[in-house]
Amino acid sequence: FNRFVLLNLCIVMNFLCLAYFCLTHTTDVFAIDIRQKLMYNSIMELNYLKIQEPNGYMYGGDQTLFGRKAARTGCGMIAACDYILYSMGKREMSHEEYSGFVCSFRDKEAYRHRHNPVGLPPLRIARLINRHISGSEVGYIRRMSLTEEDLRTLITRAVSAGLPVIVRIGLNGKRLPYSIVFPARDKRIRKGRTDWHYITVTGINEKGRVIFSSWGGKGETDIALLYRELGITGGAIADKSLLTSLKGK
């Protein structure tokens, strides 16, 4: 019996040593495949803003909670508010604290002088964000200046640096397919398609699976689909240093 146990221990140890060697030293196809599978099963994701609710939390804000105008056209306003709060170090907030900030931002800045019936333009969103953050600035890059690989690189670099990326989905033919889980609503799942909408990207994996915040839920889509459905009016709002490095890649 002791010999049997010892034999099995030796087999297990040999297997673990072989696996460790493959993952850290070997460059053959088998070892590379193992590393890729490990990376593909993991995702880089920000510890993003959570707004406490009675039945859970919202993953970022929900425009439908802030009046009729905001419900129709407030996705950019919410994306701006969430970016600002996240940049200020906010990770969890009460509903009251979050609502107070958004309502003040809505009345004093976003919709103070005019209400755009099609929502906030991306350059205005960038300017509004830059009024509130310090040490860095955000800028906007249009879809026409982006390739799919550029968008993937931008999101990957941003999330690696601990920063979200606001993506503007413009008008397009097929509309972006998505799946969103709502943690504050018994984890209800909604699937659909959208366009002319801002989302805040908070995670990505090696396969290009993208995590984003929208309508207070945590959504998923594919980077290839996201790029395809940006349309000619789409683009991304991100840290200027990342946009500069992207142009000079």
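Where a number appears in this text, it was derived from the coordinates with a stated rule and is not lab data. Given the structure is predicted, the values throughout are model-derived calculations rather than measurements. Neighbour counts are summed over all protein chains in view; Cβ atoms, including those assigned to glycine, are modelled from backbone coordinates with ideal geometry.
Would you point out which residue out of 160, 136, 87, 145 is among the polar types (S, T, N, Q), closer than 19 Å to residue 49 by Cα and in contact with a helix residue (DSSP H, G or I) (Cβ under 9 Å, 6 or more places away or on another chain)?
Every option except 87 fails the conditions.
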Would segment 173-190 turn up any residue that is β-branched (Val, Ile, Thr) and either part of a helix (DSSP H, G or I) or surrounded by 23 or more Cβ atoms within 10 Å (Cβ to Cβ) (or both)? no
Subset of segment 122-136 that is among the small types (Gly, Ala, Ser) and not in a helix (DSSP H, G or I) - its residue that is surrounded by the most Cβ atoms within 10 Å (Cβ to Cβ): 136
For strands (runs of 3 or more DSSP E) lying entirely in segment 40-103, having 1 or more residues that are surrounded by 19 or more Cβ atoms within 10 Å (Cβ to Cβ) picks out 50-53, 56-59
Exactly one of 200, 194 is within 20 Å of residue 51 (Cα to Cα) and either without any contact (Cβ under 8 Å) to a residue 40 or more places away in the chain or touching a helix residue (DSSP H, G or I) at 6+ places or on another chain (Cβ under 6 Å) (or both), and that residue is 200
If the requirement is being in contact with a Leu (Cβ under 9 Å, 6 or more places away or on another chain), touching a residue at least 24 places away in the same chain (Cβ under 8 Å), assigned to a loop (DSSP other than H, G, I, E, B) and within 30 Å of residue 225 (Cα to Cα), which of these qualifies: 119, 139, 162? 162
Counting only residues that are farther than 16 Å from residue 166 by Cα and more than 18 Å from the chain's Cα centre (by Cα), segment 65-123 contains a total of 34
Going by the conditions given, is residue 107 free of Cβ contacts under 8 Å to residues at least 12 places away in the same chain, among the acidic types (Asp, Glu) and over 13 Å from residue 237 (Cβ atoms)? yes
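Kindly establish whether residue 192 is touching a strand residue (DSSP E or B) at 6+ places or on another chain (Cβ under 6 Å) and within 26 Å of residue 66 (Cβ to Cβ).
Spelling it out, it is not the case that residue 192 is touching a strand residue (DSSP E or B) at 6+ places or on another chain (Cβ under 6 Å) and within 26 Å of residue 66 (Cβ to Cβ).
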